[in-house]
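The values are calculated or read from the model by the stated rules, or taken from the named source; none is laboratory data. As the structure is a computational prediction, the values presented were derived from the model and not from experiment. Glycine also receives a Cβ, built like all others from the backbone with ideal geometry; neighbour counts cover every protein chain displayed.
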Amino acid sequence: MATIYEKLRADIVTAMKARDSGTATILRTTDAAIQRASMDLNKPIDDTLVITALRKAIKNLTDAKAEFAKGGRADLVAANDGEILLLEKYLPAGLDAARLEALITEAIQATGAQSKKEMGKVIGALKQRPEAPLIDFGVVSKIIQAKLP
């Protein structure tokens, strides 16, 4: 099975052959971000690095979309929605809500966290889990805050 990065590179070639400049530009920008992250971290490109770069790009696009919505730029909001949908296609399916809740509860019990001040321990424990690449820690943070007094 091809890695996420290999699939992305193949889709760049496909978009270029189809003369779909919008898709090709988005994918090339993402490819450049992945390569830059690889050089910055001095690590080879693997699925973990690609997923991290994709999540960062999607987060940036989501933040920009919110700003465009505030400014009343519906055209840019729609363009960002398209980019987000295109990039989300490369992310693996995340954990379902019930499984995520169970992992968080288990991590809270394992660390003995009693307050929001100990939230870092819980997140650290979750990052050690094999499921860590599938976890959206922005969502996890909100759930932990709701669970801890």
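So here's what we get for this one:
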{"read-out": "Options 49, 103, 61, 91: the member that is touching an Asp or Glu at 6+ places or on another chain (Cβ under 8 Å), at pLDDT below 85 and surrounded by 13 or more Cβ atoms within 10 Å (Cβ to Cβ)", "value": "103"}
{"read-out": "Single condition residue 24 does not satisfy, out of (1) under 23 Å from residue 133 (Cα atoms); (2) of a type outside the set (Val, Ile, Thr); (3) in contact with a helix residue (DSSP H, G or I) (Cβ under 7 Å, 6 or more places away or on another chain)", "value": "(1)"}
{"read-out": "Residue within region 5-22 that is on the phi > 0 side of the Ramachandran plot, surrounded by fewer than 16 Cβ atoms within 10 Å (Cβ to Cβ) and at pLDDT 90 or above present", "value": "yes"}
{"read-out": "Given (1) among the charged types (D, E, K, R); (2) under 27 Å from residue 144 (Cβ atoms); (3) touching a residue at least 12 places away in the same chain (Cβ under 8 Å), index of the condition residue 83 fails", "value": "(2)"}
{"read-out": "For residue 147: the one exception among (1) in contact (Cβ under 8 Å) with a residue 24 or more places away in the chain; (2) under 22 Å from residue 27 (Cβ atoms); (3) basic (Lys, Arg)", "value": "(2)"}
{"read-out": "Residue list for region 112-140, filter: out of contact with any helix residue (DSSP H, G or I) (no Cβ under 7 Å at 6 or more places or on another chain) and closer than 21 Å to residue 92 by Cβ", "value": "127, 128, 130, 134, 136, 138, 139"}
